[in-house]
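Enquirer: One structure, as structure tokens, below. Some questions next.
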Amino acid sequence: MITIEQLKSIKERTEALYRYLDIEGKKIQVEEEQLRTQAPGFWDDQKTAEAQMKKVKGLQQWIAGYNEIKTLSDELQLAFDFYKDELVTEEEIDEAYAKASVAIDELELKNMLRDEADQMDCVLKINSGAGGTESQDWASMLMRMYLRYAETNGYKAVISNLQEGDEAGIKTCTIEISGDYAYGYLKGENGVHRLVRVSPYNAQGKRMTSFASVFVTPLVDDTIEVNINVANISWDTFRSSGAGGQNVNKVESGVRLRYQFKDPYTGEEEEILIENTETRDQPKNRENAMRQLRSILYDKELQHRMAEQAKVEAGKKKIEWGSQIRSYVFDDRRVKDHRTNFQTSDVNGVMDGKIDGFIKAYLMEFAGQED
């Protein structure tokens, strides 16, 4: 049976999560965000409306998650009190403790996924290493493992690219995995995965070693927010040149927009200059110039994100001995992660997608650090 110290720990962790998650603040925020969904014409822009509904749902999930552990914590306390009156058994108390402990673990883990990208869907790519059929078969086994993981956790998984192996297995595949915090949970799978087994493709029944790489990136949508500092904008007007007409030399319909841009990532400064003489209407030309400015700033943010992704890609290790993050040794009944030293003997379970232990161990050790 659990001790009074274990009961106290559950209650303290529950109270800590209430503070860390700012549950009161989230309740107020949900009310404010829900009011926005009731505005007239809310669904006129479907993409914006869907993003708003997703935001509300995300906040509600945090509140529901906390409410669940609060209920389990209270039930554990109640069971502990009832035990004194012999109304519950030791087994029932231990069961209540286990439920509360697991739920708190899961919410604490989710709370560690604070980066913007963690909440996103992800693209998971698997490439077979050197070794022909053996490594291609291994790559297909990993593909099945991740598909089973996605299925078990309620994620939507779509294979967007697949190249079959020459005799068996696959050479490469790309899977788009959609669901809450898909990238946050799977980002730790980045790296080389090593298989050791008696090969079914070797006539002598020798023990073989195979490699495959897994590469996970966040699936970024096109809703990048563009921030324009109005104080950094200055305007000039000038007379448009072009085809004749009375309006040409008498009205300053042309506009010149100057924007003092400071790169938020490097601190470098530059002047963005945009001229627009698209129409003979100065307000419309101003509007067009602002649209072009938004496009330029959007592209700069997009280029930054692509550069960051290129850094991750450049850091991908060569698919060979010594660079693996995890080893799957079938005949020894052992799967071990070399970064966290977490291991399990449930090889079949792992290959059926039960990789939550590895994911948790990775996040507990590396969450918040740069990969």
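The values are calculated or read from the model by the stated rules, or taken from the named source; none is laboratory data. Since the structure is predicted, the reported quantities are computational estimates derived from the model, not experimental observations. Here the Cβ is made from the backbone with ideal geometry for all residues, glycine too, and neighbour counts use every protein chain on show. Note: areas computed on protein heavy atoms with side chains; ligands, DNA, RNA excluded. Shrake-Rupley method; radii C 1.70, N 1.55, O 1.52, S 1.80 Å.
Enquirer: Of the conditions (1) open to solvent by less than 70 Å² (accessible area, probe 1.4 Å); (2) hydroxyl-bearing (S, T, Y); (3) under 19 Å from D352 (Cα atoms), T152 clears all except one; give me its number.
Expert: (1)
Enquirer: Of the residues that sit in the range 177-200 and are under 12 Å from the mean Cα position of the chain (by Cα) and not in a helix (DSSP H, G or I), which one is nearest to M364 (Cα to Cα)? If you could, list the steps in order and put the result at the bottom.
Expert: Going residue by residue through the range 177-200, those that are under 12 Å from the mean Cα position of the chain (by Cα) are 177-188.
Those left that are additionally not in a helix (DSSP H, G or I): 177-181.
Details: I177: 22, S178: 23, G179: 21, D180: 19, Y181: 16 Å.
Only one residue tops the list, namely Y181.
Enquirer: Next question, about the same structure. Only residues that are assigned to a helix (DSSP H, G or I) and polar (S, T, N, Q): list them for the range 85-130, please.
Expert: Start the filter on the range 85-130 by keeping residues that are assigned to a helix (DSSP H, G or I), which leaves 90-111, 116-119.
Within the range 85-130, S101, N111, Q119 meet the criteria.
Enquirer: Sticking with this one: Which of (1) modelled with pLDDT under 85; (2) of a type in the set (D, E); (3) not in a helix (DSSP H, G or I) is the odd one out, the single condition E308 does not satisfy?
Expert: (3)
Enquirer: Applying the selection to the range 268-285, what residues are assigned to a loop (DSSP other than H, G, I, E, B) and touching a Phe, Trp or Tyr at 6+ places or on another chain (Cβ under 8 Å)?
Expert: In the first step, residues of the range 268-285 are kept if they are assigned to a loop (DSSP other than H, G, I, E, B); the result is 268, 277-281.
Across the range 268-285, there are no qualifying residues.
Enquirer: If you scan the range 54-64, which residues turn out to be exposed (fewer than 15 other Cβ atoms within 10 Å of the Cβ) and either modelled with pLDDT of 95 or more or of a type in the set (A, V, I, L, M) (or both)?
Expert: Answer for the range 54-64, where residues must be exposed (fewer than 15 other Cβ atoms within 10 Å of the Cβ) and either modelled with pLDDT of 95 or more or of a type in the set (A, V, I, L, M) (or both): just A64.
Enquirer: I need the full set of residues from the range 78-93 which are surrounded by 15 or more Cβ atoms within 10 Å (Cβ to Cβ) and of a type outside the set (S, T, Y), in order please. Talk me through it step by step, then tell me what you get.
Expert: Within the range 78-93, the subset surrounded by 15 or more Cβ atoms within 10 Å (Cβ to Cβ) is 79-80, 83, 88, 93.
Correct list: A79, F80, V88, I93.
Enquirer: Give the range 192-245 a look and list any residue that's closer than 25 Å to K156 by Cβ and modelled with pLDDT of 75 or more, or say none.
Expert: Here is the first cut: in the range 192-245, the residues closer than 25 Å to K156 by Cβ are 193, 212-224.
Hits for the range 192-245 are H193, A212, S213, V214, F215, V216, T217, P218, L219.
Enquirer: In this structure, does L147 turn out to be assigned by the TED database to the domain that holds Y181, closer than 30 Å to V196 by Cβ, open to solvent by 30 Å² or more (accessible area, probe 1.4 Å) and part of a helix (DSSP H, G or I)?
Expert: Numbers: assigned by the TED database to the domain that holds Y181: yes; closer than 30 Å to V196 by Cβ: yes; open to solvent by 30 Å² or more (accessible area, probe 1.4 Å): yes; part of a helix (DSSP H, G or I): yes.
Yes: the conditions hold for L147.
Enquirer: Also, I was wondering about something else. Out of the residues in the range 325-367 that are part of a helix (DSSP H, G or I) and of a type in the set (A, V, I, L, M), state the one that is surrounded by the most Cβ atoms within 10 Å (Cβ to Cβ). Break it down stepwise before answering.
Expert: Pass one, the range 325-367, residues part of a helix (DSSP H, G or I): 347-351, 356-366.
Of the ones still in play, those that are also of a type in the set (A, V, I, L, M) are 347, 350-351, 359, 361, 363-364.
Working: V347: 17, V350: 18, M351: 17, I359: 19, A361: 17, L363: 21, M364: 14.
The selected residue is L363.
Enquirer: Only one of (1) in contact (Cβ under 8 Å) with a residue 40 or more places away in the chain; (2) polar (S, T, N, Q); (3) more than 15 Å from G129 (Cα to Cα) is not met by T172, so which one is it?
Expert: (3)
Enquirer: Follow-up. Can you tell me which of (1) within 22 Å of G25 (Cα to Cα); (2) in contact (Cβ under 8 Å) with a residue 40 or more places away in the chain; (3) loosely packed, with under 15 Cβ neighbours inside 10 Å is the one N67 doesn't meet?
Expert: Among (1) within 22 Å of G25 (Cα to Cα); (2) in contact (Cβ under 8 Å) with a residue 40 or more places away in the chain; (3) loosely packed, with under 15 Cβ neighbours inside 10 Å, N67 violates only (2).
Enquirer: Which pairs turn up if I take residues in the range 116-144 that are under 29 Å from E308 (Cβ atoms) and open to solvent by less than 30 Å² (accessible area, probe 1.4 Å) and look for partners that are acidic (D, E) and not in a strand (DSSP E or B) with beta carbon separation below 8 Å, at least 6 apart in sequence or on another chain?
Expert: L124/E189; G129/E320
Enquirer: I've got another one for you. In the range 26-83, what count of residues is obtained for those that are assigned to a helix (DSSP H, G or I) and under 27 Å from the mean Cα position of the chain (by Cα)? Spell out how you get there, then give the answer.
Expert: Residues of the range 26-83 that are assigned to a helix (DSSP H, G or I), as a first pass: 26-37, 42-44, 46-83.
Narrowing the set further to residues that are under 27 Å from the mean Cα position of the chain (by Cα) leaves 26-34, 36-37, 43, 46-70.
Qualifying residue count, the range 26-83: 37.
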